[in-house]
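The values are calculated or read from the model by the stated rules, or taken from the named source; none is laboratory data. All values reported here derive from a predicted model rather than from experimental measurement. In this analysis, Cβ positions are derived from the backbone assuming ideal geometry, glycine residues included, and neighbour counts consider all displayed protein chains.
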Amino acid sequence: MVGGGPGGNQAASRAASLGAKVTLVERDIVGGAAHLWDCIPSKAMIATAGALAFSRRAPGFGLSSGGPALQVDHAALAERIGAVTNRLQRSVEDLLTSQGVRTLRGEGRLAGPHTVVVRYEGGAEERLSADAIVVATGSRPRIPDWAEPDGERVLTTRQAYPPPEVPEHLVVVGSGVTGVEFVHMFSSLGSKVSLIVSRQHVLPHKDAEVAAALEDELLRRGVQLFKGARAQGVERTADGVAVHCDDGRTVSGSHVLIAVGSVPNSDRLHLDEAGVHVDKWGYVTVNHHCQTNLAHIYACGDVCGRLPLSSVASMQGRKIAEHIMELHTREHRHIDYDKAASAVFTDPEIADVGLAEAEAFASGRKIRVTKVPFGASAKALINDDPRGFVKIISDPATGVVLGGCIVGSQAAELISVIALAVTAGLKVSDLVESCLVHPSLSEALADAAE
Ligand SMILES: Cc1cc2nc3c(=O)[nH]c(=O)nc-3n(C[C@H](O)[C@H](O)[C@H](O)COP(=O)(O)OP(=O)(O)OC[C@H]3O[C@@H](n4cnc5c(N)ncnc54)[C@H](O)[C@@H]3O)c2cc1C
């Protein structure tokens, strides 16, 4: 395995558990960019933002504090993020060691169809030969040619945390999932935030009602939205930055964060020496088994660009290991990317799975859409957070659940129920007839299914 992120380490672990002799080559940390920069640190920061927001809502629970309001302690926050990352890294490493996986700390590259060369710090190299190879080298932030990140004022997502201080005025370029999570994170921690939105609304690939709900919340917090503006230049000024947009507007701030997607880590792998194909963007092309054009070389995760989620990379890694070990049985299911659940960790949270309303309308497919607001949920009122809604999409003829989306507290957890229904082909009646806990937020799922 080359790359020890969710894709590589899950492939290594599953293959070892099935009896393979496994070597994992990783240049940074086992756990990957997901643990070092992306999923885990961002969600740890967002957890702190959530705790702060919750403390501010204390009076809504009948509490009052005589003391000063809570403040961010940057050193403690950095220590906490480091502790969470280290603990996760250790648990992955311990598992792999206990399974007999040999982990090498170095940069891997291919040197033929069955050969991986590992270059260690200091320059020494080791050649490994393998029956099967898994490329799981992930991706890195895309840097547009009009911006030069300096790690001080012009930041990529990997340079933004833990921040030595909360930026006074952060300009975020990019209103996809990553961009809006950073807007949420820093606006909650006290930064003034401006968001440059190249389309007409944030989260362009999500349900329009979901995007509108998030925009309302961002505006309520005072986030400035610059819609229909595409950034095309960043300039350092005496006291900060100026971002120039293609519609003539300039957005000034103390810092700018560039969140405009990612590029695959395939360029230093010498894939051509092994004869492995990549597409014009550098993504490794794979089939439904995650095999490249060479049957014994597989690729998973962000480097093949299918659906850039940690959960998907992990699932691909496990499926690859099973395919290599010939564990594919008649019951084996390929990954159905259309049924992968995903979440946006804003406040309120957003989560969705399966068929989207707009997608169904665009294809002319008949659907039944049912929706309930959390305002009618006893638990949401008890939690003093009745924002958002649950929407369920089903087949009007059969009642089979095809998809759904949730805006609201705990959406990332609650979507699991709809995800299970979509994957298992359950009907709306199965949700309605489940006798759920009262009071709970999940009751809204059954109500929405009715
Ligand atoms: C800010 C941010 C937040 C995110 N939050 C979430 C989230 O909440 N949930 C979610 O599901 N997804 C999230 N994602 C996406 C998620 O991080 C990726 O989809 C996931 O990390 C992909 O896993 P991977 O195994 O393909 O690659 P990575 O996690 O990138 O791991 C690849 C590993 O390969 C190593 N490597 C690269 N080249 C070599 C080489 N030549 N030799 C040796 N090692 C090499 C790298 O050091 C790295 O450790 C987020 C992304 C970003 C940017």
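Annotations
- Which numbered condition VAL276 fails, given (1) closer than 27 Å to VAL2 by Cβ; (2) more than 12 Å from the ligand (Cβ to nearest atom); (3) outside any loop (DSSP other than H, G, I, E, B): (3)
- Of all residues in the range 159-186, those that are touching a strand residue (DSSP E or B) at 6+ places or on another chain (Cβ under 6 Å) and within 16 Å of the ligand (Cβ to nearest atom) total 10.
- The criterion of being over 24 Å from ILE40 (Cα atoms) and within 14 Å of the ligand (Cβ to nearest atom) holds for LEU110.
- Scan the range 101-129 for residues that are free of Cβ contacts under 8 Å to residues at least 24 places away in the same chain, under 18 Å from VAL276 (Cβ atoms) and of a type in the set (Gly, Ala, Ser) and the total you get is 1.
- Within the range 301-313, the set of residues being in contact with a strand residue (DSSP E or B) (Cβ under 7 Å, 6 or more places away or on another chain) and near the ligand (Cβ under 9 Å from one of its atoms) comprises ASP302, VAL303, CYS304, PRO308, LEU309.
Table: residues versus (1) free of Cβ contacts under 8 Å to residues at least 60 places away in the same chain; (2) closer than 26 Å to GLU326 by Cα; (3) not in a loop (DSSP other than H, G, I, E, B).
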| residue | (1), (2), (3) |
| --- | --- |
| VAL92 | no, yes, yes |
| ASP131 | no, yes, no |
| TRP146 | no, no, no |
| GLY151 | yes, no, no |
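- Strands (runs of 3 or more DSSP E) wholly inside the range 314-380 that include at least 1 residues being closer than 18 Å to LEU203 by Cα, of a type outside the set (A, V, I, L, M, F, W, C) and within 16 Å of the ligand (Cβ to nearest atom): 342-344, 349-354
- The listed residue being touching a helix residue (DSSP H, G or I) at 6+ places or on another chain (Cβ under 7 Å), within 25 Å of SER175 (Cβ to Cβ) and at pLDDT below 95, out of ALA351, ALA358: ALA358
- Every residue from the range 223-273 that is within 13 Å of the ligand (Cβ to nearest atom) and surrounded by 18 or more Cβ atoms within 10 Å (Cβ to Cβ): LEU257, ILE258, ALA259, VAL260, SER262, PRO264, ASN265, SER266, LEU269, LEU271
- Single residue of the range 1-45 satisfying the filter (closer than 12 Å to VAL84 by Cβ and hydrophobic (A, V, I, L, M, F, W, C)) that is nearest to the chain's Cα centre (by Cα): CYS39
- Residue list for the range 22-80, restricted to those being on the phi > 0 side of the Ramachandran plot and away from the ligand (no atom under 16 Å from the Cβ): GLY62
- Filter result (surrounded by fewer than 19 Cβ atoms within 10 Å (Cβ to Cβ) and at positive phi) within the range 368-405: ASP384, GLY399
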